Every structure is written in C-alpha cells, then in structure tokens.
Amino acid sequence: MGALAATAVAAFALVVALIAEISPPHELALVFVAIIPVLGAVALPVVVSRARAERDGTLGWFAAGLTVSVAAAALQSLSFPGLFPGGGPLTTGSTGNALLYLLMHVAMPLGVLVGALGAPGRWRRWFVWVGLGVVLVSALDVVPVPRLVLPGGRYSATLIVAQLVVAWFIAVAVVVWVRGAGPSVTALRGWAGVALSLSGYDLVLSAIAGQRYTSVWWASLSLRTATYAVLAAGAGGAVLGQLRRLEQYTDRELDRSDARLRGSMAMTNRLLDSAERFSGAVAAADVGSVLVSAGLSVTGLDRACVIVVDPDSGRFDAVATTGYDDETLRLLTRPSSRDSAIPGAVALRTGRPVYSAPGRRPGADYPDLARLPAHAGTEAIAVLPLTAAAEVVGLFALSGSRAHDFDETEREVLGALAAQAGQALQRALLYERQLRTAEVLQRGLLPQRLPAVPGIAMAARYAPGAAGLRVGGDWYDAIPVSGDRLALVIGDVMGKGVDAATRMSQIRGAVRVLAAVDPEPAAVAAGLDLMAGELAEDQIVTLVYLLLDPATGEGLIARLGHLPPLVVPPEGEPRVLDGAGSPPLGVPGAVREQARLTMEPGAALVLFTDGLVEERRTGLDVGLPALAAESRRLADRGLDVEGFADAVLALGAADGGRPDDVCVLVVRREPGAAADGDEGTRVDAAMTLAAEPTSGAAARRFVHRSLTGVPMDPERLDTIVLLASELVTNAVLHAAAPSDVRLRVRQGRVRLEVHDPSPLLPAPRTQDPDATSGRGMLLVEALADAWGIERADGVADPGKTVWVELDLLDHASDVDVL
C-alpha cells in the first residue's frame, strides 16, 4: 500500500513536471516500450518457479496471466510506431497494437480472477495457449474491430472506454488478490499486487491522455514500465531472498548437523561411560542403578525401573527404581503380571522393545496400566527386554507424565544401553548366585546353633569379605565339655577357597575331639600340634581356645598366633587377654602355654578374627583400640548379645568395605536368676549335652542344680529330674546327636524341653513286661501334668522338641477326701 501511494504521488508529480517543461523526445518512448517485455521476461521464470515450489495455485494463475501479458507486450513493442517500420514482422496495424496493449493489461487480472474462482490447476496450460492464440490473432489484425487509434495518434472513444473498463477489471482483481494474500503476504505476492495496481494506473492515465506523447501519456508509459520493473525487481528480490534463505537453511543444517554430531558424540561418550560403569557393577542393584541413571538422562523422563526375571522360579524382583511407589512395584512383581495387558508383559513375551505410540496415551493400548498407581497419568512409556545369550534376564521400563516421542536416535541409544545392561545383569546375577552358594557353604561349615549353657548368653556372626566369592577359613565354635564347662574357640586358616575351608573343617573337628578327651587349653594345643604336619607350608592357622566355667566365671586361655580377645566388664575399661601367646599352629618347637582369666557376672567376652580390626595402612594400632572403645560404649547401652554382636560386626565395615572375612563371637556371663514377687520364682536355664551314655546323668544334675532353692514338693523335683533323664536318654539312643535341654519356671509351673535334630517322633508303646527298655515315653505320659512334641521348620532344622510340664506343688494332696 505504501508503494502504491508513493507511485500515485510520483505519477502526479511527473504530469505536473511534463506540463511545465518540454516533453521528452519520442525516442525515449521507444526505449520504454522495448524494455517492458524484457522486464516481464525476467520476472516470468521466477514467478513460475516459485508458484511450483510453493504449490501456490493463485500465484500459478498469476504466472499464467503474466505469460500471456509478456507475449502481448513483446508483440506490441515490435509493432510500436517508430521501432520497426511497417508494424514489425507481423505487419501489425495501429488497431492490432491497441488490442495488444489491452491484452497486455487484461491477461494478469484475468488469471487472478480465474484462480480465485477455484479453477483446477490443469486448466492453466489451456489458459496460456488460448491467451497466446488471442495475442497472435490480435497481432495479425484478422479480427474485425472498430478503428481504435485515429490519425495523429489520438484514441477513439471505444479505446478510451475499453481502457477504463479494463482498469475497473484490474481494480477488482487487485481487491481479490489482496484479500486472498492475507496479512502475512510473501514478498513476491506483494509485489505482484503492486504491479497489478500500477497497470490499472497506467490504463487510467492513458485514457485521460487520449493520445500518444502528451504529458499524461508519458506518465502512463512510465507506470507501464514500472509495472514490469516492479515485477522484475520483486522476482529478483525473491531470488535473492531465496538464496539468503538457502544460505540460512544451509547454515541451520550445518548447525543442526554439528549439533547432531555433538549429540552423537555425547551419546557415544554416555554409552562408553555406561559400559565402564557396567563393567564395575558387581550386584544386580548396581547394574540397575547405572541403567536407570543413563536412561533418564537420555530421554528426560521422570520414572524408570529395572526388574530382574529369575529364570528358575520365574519371580520378578525390582532391583532399581526411580519414581515408582511401593504398591506399583508390588503389582508389577507379582507372577500374574506376566499375563497382564501392560508393555512389560508384552516385551517379556516377545523379547522385543515396546514403545508408546506418538500422540496416543499408552492406556488406550494397554488397559491394565490404569491399575498401577504410578501409571495413572502416564503419557509416554518404553519397555526394553534385557537379554543375554538369547534369554530375557530382566526388563527396563521408562515412563513419564508428559508426552514424549521416542525418536530413532533415542531408540538406538536405549537399545544399546539395554544390550550392555543385559550382559552386565547376567554377570551380576551369576556373581550373586555364586556368592550365595559360597556363603551357604561357609555357614554350613560353621555351627548351626550355639549350645544353651546355664548362665551364659552367646551370639556369633560371620561376614564374608568383599574381595571374593570363595569360601574362607574363619570359624568359631562353642563346645560344652565335662564338668559343666564351656570351650570357646575362634580361629583363622589363612587363604581362600576350598583348601582353606577344608582345612578349617578338619581343625574344627579335631578341636572338638581333643576337647572331649581333655578340655585343658594346653592339652588341646598340644594335640593340634601333632596334626600340624599335614598342613601345607604356606598354610598358617591361628586360633584362640578358652575354657570357661560358667558357674564361677573362672577360665583358662591359650592363643596360637591369634589376636587376643576382649573382656568387657560391667564397669571400667575392657581388658585385652593377651596372655598365653604362642606361635601359630604348625611352627616347629612352639611352646604352648595357658593363662587364667576371670569373668565377673555381667561381663562380656568378645572373640574375633583379624578381618574385624586389621587395616592395611595402620595395622592393628588403630583397629584394636577402636574395638575396645566401641565395646565399652555398646556395653553401656545395655544391648543384649545379639545386638552387641551386630554392632561389633558393623564396626569392621564402618568405611563401607570389608576386605577380609570376619568372625565374631560374643559371650556374656549373666547374673543369677532373681525372684519376681508378682509371678513367684522365675528360672531360665539351658545346656547342650553330647550324644553319649553319661548325658542322662548330666541332665539330672543340671535340672537338680537349676531348681535348687525353688520352693516345690520334693516328689515333684524327683519327678522332673526323672523325666529329664528319660527324655535325654531317649534322644541319645534314637537321635545319636547332641541335644539341647531348656528349663523354665513360671507362675508355679516348671517346663522342661529337650530338642534333638532327629525328625523321628517318639510315641508310647506297649511293652513286654520282661523288657529292659522302651518305657521312657510311657513314664512321660504317666508322670507329666502335660507333655507334647513340637516339630522344627524342616529346612534349617529338621528336628523336634519334646516338652513336659509339672506344677511345682502337688495340689491333689490339699484336697479333702471324704
């Protein structure tokens, strides 16, 4: 609109200037007329190419009109008076020249109006051919038309009216063109509208002039030239603009390629970093954490989960999660989820990744997702199977509450991460399986339970080192020996593997045999030296053997190259039992000694292997004092032996790692049983008896000693002593294994329990009167107020417990008999 206004002002100024001055020479008109088709020919290919490139139908119709207009302008220039004599090559007369002038102006607006009416694009070719035919016919003067140009170059009234009608026609086309272009018109379409308007100005001024070479006619000719100059300039600007856009596009593509390259390098670095982290991941949870972190970084989503599939049991286990609640994880890891309509089940069944469809909520394709709380508002989800050796070992799920399209690059990166994680996860699962096997084997070589000893509370712990999967040589033991004493042992066979574990098992068995023969520490150490010849040259064995009398707290200790245990009294600083030290087992000429010790009531004894306190940089200078200080704090907190043992074991891993195996044995000498006025006398006592004929007598002494001072009928005391002898003898005969005896008095009633590892259940049976055995259970049934049998869990302990109960007083004797 600004261009049109400026052109109108310029045309008016030109008319004023031409009227006031001398008119230009006629030769200048020839130049203007000759340059018009040239300018049109320059603009035409650009307009045609842009119409095709932009698939712009209206611009295509404008180009069709421009084609006819340029042809008419060319023939009109050739027949212009003074340029070529005789009307040019086609001998076009003045009337034909005037018709070509009108066709030159009417062709472009006609094309615009035909296009605005929705004419099909295929009609444009016919429009051009018909237009060119009309142009040619007009140039040949074969159409009978009234004379349009009079002698002297004056225009006829018919020509003037025709010019004004065409000008009106152009004005309509301009309005249609501008309305069709809209407010966001492109530059080329805008200049086309300006050219149409200028051609209308040209016709109006030419009609006003009424003949050639007047001042107003010169203004008309100038606007005619400007019409095609504007088109040529607009076309040139469009080409330059297109070149500029092409350059910008090239720069953007280069930047995009550079960004894509940088992104690819970043993805490659991320994959390399993930591969390095996967190689260092030992446990399945470590692999899952690496995969979750990498997946969220790649996609920008907010939830991720790694689920391990157990190939044997088919169980699911979530090893690493972010953004998932407990209820969702519980539902996902149920066995029934394998058949659910969720992406994870599909990926598990097919072994192929599952991605949510772009622009579509996952719940529409997987209806069971709505049952999972975390996926109530999920807009995007991806699940990739983690495979190794053609077996699905896990699933990796990513999801988010915002819409997200997984492009090809993301899918490739996620696929690469899943492939890396599958191998790492299988390796981690194998490692964990071997670790569990090694731990089970190691624990199988250690005592399954500690014996029950009156006045003594014990707890033991074993923890494998972080440096390997193989079993080790650390062990502990607690052995009831003759004289109601307790032998405590802790030791270490240096090295790892089956050899160390086998040697440890042999030495542990030897200690038990030697303690049964002579439990004195010096005697046991001497017996062990006799078998030292079987040790390999590089196999070093250390141990502590301590013989304790629970009743008095007196004891003897011998140390064979092992770290000294600690005694933590109820008050005061812990004592290090560093006496009776001698070289490790197997050192030739070693002199074995034993030293005395005392444990006051309430004191705790801590025995341990070197993995608890030894630090490679500082040796024992830091670890042993730290253990003593921590033991004092634990005792002051009033922890029971179980909590005490847990806390001591945790001390060995305070820095996050435990390079070596650790055994800990905590023994506390409990204060004597006390009375409880509300419940009467309370007694809690226990001991473990060996599978030998003398155990029945030991059981009788144990029960009699434990119930000494308890107010009860003498006959009842004799009965419970007899029952203890019968139950223990029965266990010795039929179980052929050590038995645990427990005695408890509560609220005027005594309960005796005898546990043995045999699954065979005893039962009363009819006996031959002359038989010398087989009456044990008959006596139990006849003498006990109540009795029963409790089975163990059948896994860790396949045995049973036989119990009897008696009232302390015989209430039947108080009943009056009439």
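The values are calculated or read from the model by the stated rules, or taken from the named source; none is laboratory data. Quick caveat, the model's predicted, so the values are computed rather than measured. Cβ atoms come from the backbone with ideal geometry, glycine included; neighbour counts cover every protein chain shown. For accessibility, only protein heavy atoms count, side chains too; no ligands or nucleic acids. Shrake-Rupley method; radii C 1.70, N 1.55, O 1.52, S 1.80 Å.
For the range 416-437, check the following and say yes or no: at least one residue is modelled with pLDDT under 85, open to solvent by less than 50 Å² (accessible area, probe 1.4 Å), out of contact with any Gly (no Cβ under 8 Å at 6 or more places or on another chain) and not in a helix (DSSP H, G or I). No, the range 416-437 contains no residue that is modelled with pLDDT under 85, open to solvent by less than 50 Å² (accessible area, probe 1.4 Å), out of contact with any Gly (no Cβ under 8 Å at 6 or more places or on another chain) and not in a helix (DSSP H, G or I). Taken together, the residues in the range 135-157 that are under 25 Å from Val216 (Cβ atoms), open to solvent by 80 Å² or more (accessible area, probe 1.4 Å) and without any contact (Cβ under 8 Å) to a residue 12 or more places away in the chain amount to 1.
Scanning the range 720-741 for residues that are open to solvent by less than 30 Å² (accessible area, probe 1.4 Å), among the β-branched types (Val, Ile, Thr) and part of a helix (DSSP H, G or I) turns up Ile720, Val721, Val728, Val732.
Pairs linking a residue in the range 201-212 that is over 16 Å from Leu148 (Cβ atoms) to a residue that is among the charged types (D, E, K, R), with Cβ atoms under 8 Å and 6 or more positions apart or on different chains, are Asp202/Arg224. Which of the numbered conditions does Val780 fail, given that it passes all the others? Conditions: (1) more than 28 Å from Pro480 (Cα to Cα); (2) at pLDDT 85 or above; (3) in a helix (DSSP H, G or I); (4) of a type in the set (A, V, I, L, M). Result: Val780 passes all but (1).
Of the residues screened, Ser220 is not one that is open to solvent by less than 10 Å² (accessible area, probe 1.4 Å), touching a strand residue (DSSP E or B) at 6+ places or on another chain (Cβ under 9 Å), farther than 30 Å from Ala419 by Cα and touching a residue at least 12 places away in the same chain (Cβ under 8 Å).
Look at (1) free of Cβ contacts under 8 Å to residues at least 24 places away in the same chain; (2) open to solvent by 80 Å² or more (accessible area, probe 1.4 Å) and you find that Ala389 fails only one, number (1).
Candidates are the residues of the range 550-568 that are free of Cβ contacts under 8 Å to residues at least 40 places away in the same chain and not in a strand (DSSP E or B); the one that is surrounded by the most Cβ atoms within 10 Å (Cβ to Cβ) is Pro564. With respect to being in contact (Cβ under 8 Å) with a residue 24 or more places away in the chain, in contact with a Phe, Trp or Tyr (Cβ under 8 Å, 6 or more places away or on another chain) and charged (D, E, K, R), Arg334 falls outside the description. Restricting attention to the range 589-624, the residues that are more than 28 Å from Thr552 (Cα to Cα) and either in a loop (DSSP other than H, G, I, E, B) or at pLDDT 90 or above (or both) add up to 8.
So that you can scan it fast, the table gives a plain yes or no per residue for (1) at pLDDT below 90; (2) within 27 Å of Arg705 (Cβ to Cβ):
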site	(1), (2)
Arg503	yes, no
Ala516	yes, yes
Ile540	yes, no
Leu548	no, yes
Gly579	yes, no
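Looking across Ala187, Ala192, Ala171, Ala181, one residue alone is at pLDDT below 85 and in contact with a Ser or Thr (Cβ under 9 Å, 6 or more places away or on another chain). It is Ala181. Figure legend. Inter-residue proximity from the range 273-287: first residues modelled with pLDDT of 80 or more, second residues not in a helix (DSSP H, G or I), beta-carbon distance below 7 Å, spacing 6+ or different chains. Indicated pairs: Ala284/Val308; Ala284/Val319; Ala285/Val319; Ala285/Ala320; Val287/Ala281. Inside the range 742-766, can you point out the residues that are surrounded by 14 or more Cβ atoms within 10 Å (Cβ to Cβ), more than 14 Å from Gly776 (Cβ to Cβ) and at pLDDT below 80? Within the range 742-766, just Arg746 meets the criteria. The numbered conditions (1) crowded, with 21+ Cβ neighbours inside 10 Å; (2) within 60 Å of the chain's Cα centre (by Cα) are all true for Ala119 except (1).
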